[in-house]
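Structure record follows, encoded as structure tokens.
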Amino acid sequence: MGHIRESGIMNKNGIAAPDGYRPCVGCLVVSTVGFVWIGRRIPKPHDEHEPSALWQMPQGGIDEGEDTHAAARRELAEETGIRSVEIAAESAGWLHYDLPPHLLGKALQGRYRGQKQKWIAMRFVGNESEIDLAPPGHAPEFDAWRWAHPDELLEIIVPFKREVYARVLEEFRHLLAR
């Protein structure tokens with residue numbers, strides 16, 4: 001990726017992000033048989049990928065003063081309605097991805113060069129009836145969902161997130177279906 005002047009990357013308060021990356025969490029939700037919850041993101045005007053390549057795991061920003069576990073639970077509930085989870089693990093470090101050049105200034109409200117993520121692995125312990133892609137008080141992010149075998153994830157996600165997903169799957173392999 002090309003270089004970005006950090007002074008031109010702003011956070012939601014209009015202040016330059018120190019490293020240009022939006023801090024956020026990613027949620028790896030694992031079923032009782034080791035499959036992964038994925039949602040198909042509602043296409044946005046700047047998307048260049050086919051809907052078949054818009055699948056992803058839930059993720060979102062960390063609010064000021066919020067810890068990663070609380071952020072993961074909040075984001076998961078806001079995007080999927082899922083509340084019945086047990087936290088199983090957290091990624092050892094932050095994983096980064098850069099936005100492709102055509103999304104700079106458009107995605108992430110145009111404020112960041114990419115995201116730095118802490119990934120939280122969670123076991124789903126509820127009933128699928130709690131899954132709601134349009135929970136009250138939050139605009140829908142996904143238009144479909146399903147459980148996916150971990151081996152298929154890298155084929156169906158947005159290409160610029162594949163490296164992060166590969167690292168997440170490797171780190172949490174012990175929780176996933178073989």
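The values are calculated or read from the model by the stated rules, or taken from the named source; none is laboratory data. Just so you know, these numbers come straight off a predicted model, no measurement behind them. A quick note on method: Cβ atoms are made from the backbone with ideal geometry, for glycine too, and the neighbour counts reach across all protein chains shown. The area values use the complete protein model at the heavy-atom level, side chains included, leaving out ligands, DNA and RNA. Shrake-Rupley method; radii C 1.70, N 1.55, O 1.52, S 1.80 Å.
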### Query
Quick check: anything in the stretch 82-100 farther than 16 Å from GLY26 by Cβ and free of Cβ contacts under 8 Å to residues at least 12 places away in the same chain?
no
### Message
If I filter the stretch 133-151 down to residues being open to solvent by less than 60 Å² (accessible area, probe 1.4 Å) and under 17 Å from ALA177 (Cα atoms), which single residue comes out as farthest from the chain's Cα centre (by Cα)?
### Response
HIS149
### Query
Take the residues of the stretch 156-174 that are open to solvent by 10 Å² or more (accessible area, probe 1.4 Å) and out of contact with any helix residue (DSSP H, G or I) (no Cβ under 9 Å at 6 or more places or on another chain): which is nearest to GLY61 (Cα to Cα)?
LYS161
#### Entry: Failed criterion for ARG123 (all others in (1) open to solvent by less than 30 Å² (accessible area, probe 1.4 Å); (2) modelled with pLDDT of 90 or more; (3) closer than 19 Å to ARG73 by Cβ hold)
(1)
